[in-house]
């Protein structure tokens, strides 16, 4: 079965990885960012080797989001950046083809252990089964 596995983050998290501390997160050092990328790269290589990796990508920072909604007049309303009330947003994802929910949960356990500096926020890893189009809900 295919699963969507997502990690979350905020604009402050992206800025912290660029060395800018905030009340939300400590500033990351360049070697901490490199350790995170190396860990995720090794994980992706392992998943490709097992044949479970379908796709996986990091997402651009929330400041680069564009929302398109339908206005009351029926025309598109376009806004840039996250809504002010939005906190965590998807920061990256994997589409994995795993034999079981237990297996994808093992992978999520590896993801949650990605190295980061002490004091950086830790978000849950979200697992969602992907519907196969045959009407499963």
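The values are calculated or read from the model by the stated rules, or taken from the named source; none is laboratory data. In this text, all values refer to a predicted model and were calculated from it rather than measured experimentally. With ideal geometry, Cβ positions are generated from the backbone for all residues, glycine too; neighbour counts draw on all protein chains shown.
Of everything in the stretch 66-89 that's surrounded by 14 or more Cβ atoms within 10 Å (Cβ to Cβ) and under 29 Å from residue 132 (Cβ atoms), which residue is modelled with the lowest pLDDT?
Per the criteria, the residue is 88.
When you go through 128, 110 one by one, which is the residue that is modelled with pLDDT of 95 or more, surrounded by 10 or more Cβ atoms within 10 Å (Cβ to Cβ), under 17 Å from the mean Cα position of the chain (by Cα) and more than 25 Å from residue 28 (Cβ to Cβ)?
Just a single option satisfies the conditions, and that option is 128.
Which pairs turn up if I take residues in the stretch 73-84 that are within 23 Å of residue 11 (Cα to Cα) and look for partners that are modelled with pLDDT of 90 or more and exposed (fewer than 10 other Cβ atoms within 10 Å of the Cβ) with beta carbon separation below 6 Å, at least 6 apart in sequence or on another chain?
Cβ pairs passing all conditions: 77/69; 77/71; 78/68; 80/66.
Which residues, taken from the stretch 41-54, are in contact with a helix residue (DSSP H, G or I) (Cβ under 8 Å, 6 or more places away or on another chain) and not in a loop (DSSP other than H, G, I, E, B)?
Result: 43, 47, 53.
Can you tell me which of (1) outside any helix (DSSP H, G or I); (2) out of contact with any strand residue (DSSP E or B) (no Cβ under 7 Å at 6 or more places or on another chain) is the one residue 102 doesn't meet?
(1)
Here is a list of conditions, (1) closer than 24 Å to residue 81 by Cα; (2) part of a helix (DSSP H, G or I); (3) at pLDDT 95 or above, and residue 12 meets all of them except one; can you say which number that is?
The number of the failed condition is (3).
Which residues, counting only those in the stretch 1-52, are touching a residue at least 40 places away in the same chain (Cβ under 8 Å), closer than 14 Å to residue 110 by Cα and out of contact with any strand residue (DSSP E or B) (no Cβ under 7 Å at 6 or more places or on another chain)?
Once the filter is applied, which keeps residues that are touching a residue at least 40 places away in the same chain (Cβ under 8 Å), closer than 14 Å to residue 110 by Cα and out of contact with any strand residue (DSSP E or B) (no Cβ under 7 Å at 6 or more places or on another chain), the stretch 1-52 yields 36, 39, 40, 43.
Regarding residue 96, is this residue in contact with a helix residue (DSSP H, G or I) (Cβ under 8 Å, 6 or more places away or on another chain), under 30 Å from residue 132 (Cβ atoms), part of a helix (DSSP H, G or I) and in contact (Cβ under 8 Å) with a residue 12 or more places away in the chain? Talk me through it step by step, then tell me what you get.
Details: in contact with a helix residue (DSSP H, G or I) (Cβ under 8 Å, 6 or more places away or on another chain): yes; under 30 Å from residue 132 (Cβ atoms): yes; part of a helix (DSSP H, G or I): no; in contact (Cβ under 8 Å) with a residue 12 or more places away in the chain: yes.
For residue 96, the condition - in contact with a helix residue (DSSP H, G or I) (Cβ under 8 Å, 6 or more places away or on another chain), under 30 Å from residue 132 (Cβ atoms), part of a helix (DSSP H, G or I) and in contact (Cβ under 8 Å) with a residue 12 or more places away in the chain - is not met.
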